[in-house]
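Dropping a structure here in structure tokens format, bear with me for questions.
The values are calculated or read from the model by the stated rules, or taken from the named source; none is laboratory data. Just so it is clear, the structure is predicted and the values come from calculations on it, not from any experiment. Heads up, the Cβs are rebuilt from the backbone with ideal geometry, glycines too, and the neighbour counts pull from every protein chain shown.
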């Protein structure tokens, strides 16, 4: 597999509402620093801009996942995206998320429903746009999500948001959101070792909603990145195909279903090329079964 000749279109595409995106996208979290949410180690600005421009202009990435709370002491993911890519290509879909936020010291906070407009407007300002393509409400704050999602639905009606999604939800919360407004995507932690939401993945397929895993490469390392020794089953598949373990993990993710998108995050231009190339990797049924057996999904 020659990574340099492979673009994001190789993985195929699907729709977020009326917006078409390639199934391999780019997560912006790692563009701001060497460790996610670390205020002390800002990224190299030009390197991050190079990653963004190469992703969109050379490798066909047209789905970027970001948030206003992706920032380090000197870098903001949204402002890097604006600097690198504006004026934006017509087919570029930028997905952001609201609910949680961070103050300038990096401390976390959760927005009340009436504060979500401010978070949406902050994303608009940083990105230099008059509307947001897709906004995900990330669950996890106090109370049910209905009031928060209802507030976003009002902003959608007002034209500030084109489509809505949810993140870190269970099936009941997804149903709660769908009763208020259409949901085009569900973001969830999901990977070879993290399959607690396998039933939700299947449900999204049945409902024709895009399922967008995060930490599919990092696994238990989450924001800090991959940690610990690699699984022998992953290494065996990587050797068989002459690819990296990260590419195997991305290929496994994409092979969960045609409604599954991948948004691997990186601030490294070489890793970007490898991530996009994973869209061309097809694991065998035997390899998929071996990887599935690492941490069987809940049957429910």
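Within the group 61, 95, which residue is in contact with a strand residue (DSSP E or B) (Cβ under 8 Å, 6 or more places away or on another chain), part of a loop (DSSP other than H, G, I, E, B) and surrounded by 24 or more Cβ atoms within 10 Å (Cβ to Cβ)? Please lay out each step first, then the result.
Working: 95 fails: part of a loop (DSSP other than H, G, I, E, B).
On inspection, the qualifying residue turns out to be 61.
Sticking with this one: Please verify whether residue 66 is modelled with pLDDT of 95 or more, surrounded by 23 or more Cβ atoms within 10 Å (Cβ to Cβ) and within 25 Å of residue 120 (Cα to Cα), treating the condition exactly as stated. Break it down into steps so the answer makes sense when it comes.
Numbers: modelled with pLDDT of 95 or more: yes; surrounded by 23 or more Cβ atoms within 10 Å (Cβ to Cβ): yes; within 25 Å of residue 120 (Cα to Cα): yes.
For residue 66, the condition - modelled with pLDDT of 95 or more, surrounded by 23 or more Cβ atoms within 10 Å (Cβ to Cβ) and within 25 Å of residue 120 (Cα to Cα) - is met.
Still on this structure, I have one more. Can you tell me how many residues within the range 174-205 are part of a helix (DSSP H, G or I) and touching a helix residue (DSSP H, G or I) at 6+ places or on another chain (Cβ under 9 Å)?
8
What are the residues in the range 250-273 that are in a helix (DSSP H, G or I), touching a helix residue (DSSP H, G or I) at 6+ places or on another chain (Cβ under 8 Å) and surrounded by fewer than 20 Cβ atoms within 10 Å (Cβ to Cβ), if any?
First, pick out the residues of the range 250-273 that are in a helix (DSSP H, G or I): 250-254, 269-273.
Keeping just the survivors that are touching a helix residue (DSSP H, G or I) at 6+ places or on another chain (Cβ under 8 Å) gives 250-252, 254, 269, 271-273.
If the condition is that a residue be in a helix (DSSP H, G or I), touching a helix residue (DSSP H, G or I) at 6+ places or on another chain (Cβ under 8 Å) and surrounded by fewer than 20 Cβ atoms within 10 Å (Cβ to Cβ), then 269, 271, 273 are the ones that fit.
Within the range 9-50, work out how many residues are buried (at least 24 other Cβ atoms within 10 Å of the Cβ) and either part of a loop (DSSP other than H, G, I, E, B) or out of contact with any strand residue (DSSP E or B) (no Cβ under 6 Å at 6 or more places or on another chain) (or both).
Of the residues in the range 9-50, 5 are buried (at least 24 other Cβ atoms within 10 Å of the Cβ) and either part of a loop (DSSP other than H, G, I, E, B) or out of contact with any strand residue (DSSP E or B) (no Cβ under 6 Å at 6 or more places or on another chain) (or both).
If residue 216 passes every condition in (1) at pLDDT 95 or above; (2) surrounded by 14 or more Cβ atoms within 10 Å (Cβ to Cβ); (3) assigned to a loop (DSSP other than H, G, I, E, B) but one, which one does it miss?
Only one criterion is unmet by residue 216, namely (1).
Select from the range 98-155 the residues that are surrounded by 14 or more Cβ atoms within 10 Å (Cβ to Cβ) and at positive phi and list them in ascending order.
Residues satisfying the conditions are 99, 106, 128.
Kindly indicate whether any position in the range 128-142 is modelled with pLDDT of 95 or more, over 21 Å from residue 262 (Cα atoms) and either in a helix (DSSP H, G or I) or under 19 Å from the mean Cα position of the chain (by Cα) (or both).
Scanning the range 128-142, I find no residue that is modelled with pLDDT of 95 or more, over 21 Å from residue 262 (Cα atoms) and either in a helix (DSSP H, G or I) or under 19 Å from the mean Cα position of the chain (by Cα) (or both), so the answer is no.
With the structure loaded, tell me whether residue 237 is surrounded by 17 or more Cβ atoms within 10 Å (Cβ to Cβ) and modelled with pLDDT of 95 or more or whether it fails that test.
In short, yes.
List the number of the failed condition for residue 95; all other conditions in (1) closer than 30 Å to residue 55 by Cβ; (2) touching a helix residue (DSSP H, G or I) at 6+ places or on another chain (Cβ under 8 Å); (3) in contact (Cβ under 8 Å) with a residue 40 or more places away in the chain hold.
Going through (1) closer than 30 Å to residue 55 by Cβ; (2) touching a helix residue (DSSP H, G or I) at 6+ places or on another chain (Cβ under 8 Å); (3) in contact (Cβ under 8 Å) with a residue 40 or more places away in the chain one by one, residue 95 breaks only (2).
To continue, here is another question. Kindly indicate whether any position in the range 69-88 is assigned to a loop (DSSP other than H, G, I, E, B) and crowded, with 24+ Cβ neighbours inside 10 Å. Break it down into steps so the answer makes sense when it comes.
Residues of the range 69-88 that are assigned to a loop (DSSP other than H, G, I, E, B), as a first pass: 69-70, 72-75, 86-88.
Still in the running and crowded, with 24+ Cβ neighbours inside 10 Å: 69-70.
Checked the range 69-88: at least one residue is assigned to a loop (DSSP other than H, G, I, E, B) and crowded, with 24+ Cβ neighbours inside 10 Å.
Cβ-Cβ under 7 Å, sequence separation 6+ or interchain: first residue in the range 5-34 and without any contact (Cβ under 8 Å) to a residue 24 or more places away in the chain and on the phi < 0 side of the Ramachandran plot, partner part of a strand (DSSP E or B) and surrounded by fewer than 21 Cβ atoms within 10 Å (Cβ to Cβ). Which pairs?
13/20
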